[in-house]
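As structure tokens, the structure follows; a few thoughts come after it.
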Amino acid sequence: MKRVLEGSHAVAEAVRLAKAQVISAYPITPQTHIVEILSEYCSSGKMNARFLRVESEHSALAALIGAQSSGVRTFTATSSQGLALMHELLHWAAGARLPIVMAEVNRALGPGWNIWTDQTDSLAQRDTGWIQLYCEDSQEVLDTTLQAYRLAEEVNLPVMVVLDAFFLSHTYEPVDIPDEKDVDRFLPPFTPKFQLDTANPCSFGQLVTPAFYMEMRYDIDRAMDMAIARFGDIEEEYHRLFKRRYGAVEAVQCDDADIIFVTSGTVTSTCRLVLKALRDRGEKVGILKVKLFRPSPSEEISRALGTAKKVAVIDRNCSFGAGGIFAQEVRAALCNLPGHPLVYGYIAGIGGRDVTPQLLEEIYWKTKNSDFPEKDRIWMGIQEVSHGTQRS
Amino acid sequence: MELNVPDQEFMYSGHVGCPGCGAAIAMRFFLKALGDKTIMVLPACCWSVIAGPYPQSTLKIPLIHSAFETGGAVASGVRAALDMKGDRETTVVTWAGDGGTFDIGFQALSGAVERNEDFIYVCYDNEAYMNTGIQRSSSTPYGAWTTTTPGADWKKLRKKNIVEALVAHRIPYAATANIAFPEDLVRKAQKAKSIKGSRFIHVYASCPTGWRIPSEMSIKIARMAVQTNIFPLYEVEDGIRYTINYKPKEYLVREYFKLQGRFRHLTDRDLDQIQEMVNEDWDLLLRKAGEHA
């Protein structure tokens, strides 16, 4: 059934269909629409789930750590400061191998206060052991959230479904909502591999000496690697049932491209328009959309980009002093490939500034007309800032 | 003397607490009272270590270790999951130290109690951050030396009254208990188990290592804390009905202070001042219980 939904509502519909049993969240713009709807579903009985209205994001994730360890399916959603506050427990959830699913609406971090989109919040959590899936439109948000539960529960790692603030979270689009029966076939009830159980008393997360800790960490890293293949299988099955798939990465006209854009999130949609316009003018250009950020799909990235001359990475984020985070990933994926393309890093759209077709075209020509990337990152559209008061 | 406490044991040999550890004694009696249908949440505290390292555990109940400040929240999640699974029989207990309760975990505890989450929160109080090596907490009493209140910088602030803070939430049940009064402790644990909603028990748990006392003095000091009115035994129902469980013969606090290395630096004048503070707190409690002379 098709309905016109916000990106936020697409998340909520997926969580309803996934039959999450414990939901815990704390309000933060722009994530609030997700949990408002879920709150309503829990109150009205449309969902058979407990909604915990906790006093902070830290407690929201802590409560899910307790609930998931007790053997039920869980969900939370947050943004920006909220995700930063959860940081300690992001590590905990992954270390405890809990298949928690979270929707993370990308929002800039303060100060100054900025509620608009920016990927630095989620990308800064890259080393916590969470699988991260970046979405382009509302349909993808719904599909990815359902897939996230399968993936999380198969590899025993938490998954973050990431969507841009407002451009995606608050934009209405037609979305195909799958039948509950079909979803039940794709996503059967959660069967925990381990849980708190008075009939089988065990200790979870206890003190562990150097004799064992390293193996536990090695297992997490292996599970991450496994997640790339498992994601492919899950998408395959999802495609059979619902006729939609996205790929860990999506290569658009990359085969004969001299210059390839690397994008993520909603910038990809804008870039698709630019691609068409440039192709119409005979430019050999492609797009590599990166959906799966952790685990890093390095092989897929180097396969798609390997034959190009230049790569232009669009980063709506910045690791201060090191540049765009996707650009770093792309460089790392390509570095051992003989004769690999030149990598140009562009920082654009920080704190919700528009990334327009004009800006992307400018990036294209900048890349084409340059022989070598002189800097590892170029900030696009930086204005001269005049200060209101001047010292005499 | 035969104690009127259940025979069942859920704490076994092999724990790694210090000799005379009050927290270990408290755990043993609590689990006897609560029984096998108990799931425990254990935020960072001495007990994170006392329970023993992987792959062994001294406790024969399901146990989830958790981050320092999460005692109230993790328990809320466990309870919610059990409810969803239709398990109304199992008791969820958070077992936290004073740091995890009075300080870093206070927000999550307050949140859980405001929501009236159905669980028991036990704070075993050894009056400082003992696991990290005796640093002051907001539970450290007036007059105490710790490694972060050394020398002339001994703590000159009152101990936070955690029970009153919980009572202000109109919590269904709040009580103090003490390892030197095991029957009272077991009764309170069982009573807490029979009540729905949030329940809080504040347990006095001596720490020979941190208090600079011989390990064999652990129980004696704990008993004196009650006998001097420093740690009165009482219960509060629904945040209003106070019951004082033990009326001591009002021993002088200096007897209690003189036995502990952590108070060695205090002068007679300091002890007189502390005596006044204890008297004042006791009078206040009597008034709340409607027993003021």
For chain B, longest principal axis from Cα atoms; helix B:22-34 axis from its Cα atoms; angle between them, nearest 10 degrees, is 40 degrees
Checking region B:1-93 for chymotrypsin sites (Phe, Trp or Tyr not before Pro) in a loop per DSSP with at most 15 other beta-carbon atoms within 10 Å yields B:Tyr12
Measuring from its Cα centre, the protein assembly as shown shows a charge dipole (+1 at each Lys and Arg Cβ, -1 at each Asp and Glu Cβ) which, in debye to the nearest 20, is 820 debye
Relative contact order in percent for chain B (Cα pairs under 8 Å, 6+ apart) equals 17 percent
Net charge near B:Asp103 (other residues with Cβ under 13 Å of its Cβ; Lys, Arg +1; Asp, Glu -1) is -1
Per the 1/(1 + (r/R0)^6) rule, R0 = 45 Å and r from the Cβ atoms of A:Glu40 and B:Lys220, FRET efficiency to 0.05 is 0.15
Counting Lys and Arg as +1 and Asp and Glu as -1 over every other residue whose Cβ sits under 15 Å from the Cβ of A:Val162, the net charge comes to -4
Along the dipole axis of the protein assembly as shown (charges at Cβ: +1 for Lys and Arg, -1 for Asp and Glu; origin at the Cα centre), the most positive-end residue among A:Ser59, A:Leu278, B:Ala222 is B:Ala222
FRET efficiency (B:Ile240, A:Trp113; Cβ distance; R0 25 Å; to 0.05) is 0.05
Other residues with Cβ under 15 Å from the Cβ of A:Pro192 give, with Lys and Arg +1 and Asp and Glu -1, a net charge of +2
Dipole check, region B:1-160, charges on Cβ (K,R +1; D,E -1), about Cα centroid: among B:Gly105, B:Thr147, B:Trp47 the Cα furthest to the positive pole belongs to B:Thr147
Farthest towards the positive end of the dipole of region B:173-293, among B:Gly210, B:Tyr242, B:Thr267 and with Cβ unit charges of +1 on Lys and Arg and -1 on Asp and Glu, lies the Cα of B:Gly210
Binned at 10 Å starting from 0, the alpha-carbon pair-distance distribution of chain B in whole percents comes out as 6, 29, 38, 21, 5, 0
As straight-line cross-link partners of B:Lys60, the qualifying lysines (C-alpha separation under 16 Å, not fewer than 8 residues apart within one chain) are B:Lys32, B:Lys37
By the Cα gyration tensor axes a ≥ b ≥ c (a/c under 1.5 gives rounded; else a/b larger than b/c gives prolate, otherwise oblate), the shape of region A:1-159 is rounded
With +1 on the Cβ of every Lys and Arg and -1 on the Cβ of every Asp and Glu, the dipole magnitude of region A:131-238 about its Cα centre, in debye rounded to the nearest 20, is 680 debye
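Bear in mind that the values in this text are calculations on the coordinates, not laboratory data. Only a predicted model underlies this, so the values are computations on that prediction, with no experimental measurement involved. Cβ atoms come from the backbone with ideal geometry, glycine included; neighbour counts cover every protein chain shown.
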